[in-house]
Amino acid sequence: MNRSTKVLLTISLIALAIVSVLTYLNLSFAPFSSAKSQANDIAKEKAGIVQPDYFGNYTRKKQYYAVGGLTKGQKYRYIIINAKSGKTEIVNKNTAPVRQTVIDDVAQRYGAKKILHINLGLYKKKPTWEVAFQKKNGSIGYNLVDFRTGKSIQIINNI
C-alpha cells in the first residue's frame, strides 16, 4: 500500500467516525426534541404562549412537561402537561416567586455548588418545582419547592 492510499484510508476512517458520532447524537436527542416541540405546540394552543423560553421534564410518580413563556398580551405563564394523559394545567407567574428566586434560595439553603436543573410539574396535584443540585462535597440533592409560596416541600439530600 502506497502512502497516498494510507492517507486516503485514514481520512475515510476519520470521516466515518465523525458521521457515526453525529448520527448517534442526533438519534439520542430526537425524543427530547420531539417532546419539546409537541409541548410548545400545546402551550401555544391551550395557554396562548407565543414566546416560550422554558421547557422542563419533571419525573416523579408521573411525568410532566412544562413550558413557560410570554403570551400575546405579554403576560408570563406556565403550562404543565401530563406526558401520558395530555391533561394540562395553566399557572400564571404573577402568583408565584420568580424561577431564579427559587434557584437562588435552594442554592443558598443547601450550599449548592451547581444547580443541575429546575423542572416544573405536579406533586400531590399542586404545581411544584423540582430543583436538583450538586453540593460542594460532590453529593447530589433534590428539593421540591411549592410553586406558589416558594417553601420547601421535600428534600432528598446527600445522594
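Remarks
- Residue match in the range 124-144 (condition: within 21 Å of Asp53 (Cα to Cα) and out of contact with any Gly (no Cβ under 9 Å at 6 or more places or on another chain)): no
- Criterion applied to Asn92, Asn119 was being surrounded by fewer than 17 Cβ atoms within 10 Å (Cβ to Cβ), touching a strand residue (DSSP E or B) at 6+ places or on another chain (Cβ under 8 Å) and closer than 17 Å to Asp53 by Cβ, and the one residue passing it is Asn92.
- Hey, Lys114 modelled with pLDDT of 90 or more, surrounded by fewer than 19 Cβ atoms within 10 Å (Cβ to Cβ), touching a Phe, Trp or Tyr at 6+ places or on another chain (Cβ under 7 Å) and on the phi < 0 side of the Ramachandran plot or not: yes
- Count of the range 11-56 residues which are of a type in the set (A, V, I, L, M), under 13 Å from the mean Cα position of the chain (by Cα) and modelled with pLDDT of 80 or more: 1
- Some residue of the range 57-69 being at pLDDT below 95, out of contact with any Phe, Trp or Tyr (no Cβ under 8 Å at 6 or more places or on another chain) and more than 25 Å from Val145 (Cβ to Cβ): no
- Across the range 59-78, the qualifying residues are those that are buried (at least 19 other Cβ atoms within 10 Å of the Cβ) and out of contact with any Asp or Glu (no Cβ under 7 Å at 6 or more places or on another chain), and the one among them that is farthest from Gly121 (Cα to Cα) is Arg77.
- Taken as a whole, the condition of being modelled with pLDDT of 90 or more and in the same structural domain as Asp53 (by TED's automatic domain parsing) does not apply to Ile103.
- Filter result (under 13 Å from Arg60 (Cα atoms), surrounded by 19 or more Cβ atoms within 10 Å (Cβ to Cβ) and not aliphatic (A, V, I, L, M)) within the range 128-149: Thr128, Trp129, Glu130, Asn143
The values are calculated or read from the model by the stated rules, or taken from the named source; none is laboratory data. Quantities reported herein were computed from a predicted structural model and do not represent experimental measurements. Methodologically, a virtual Cβ is constructed for each residue, glycine included, from the backbone with ideal geometry; neighbour enumeration extends over all protein chains shown.
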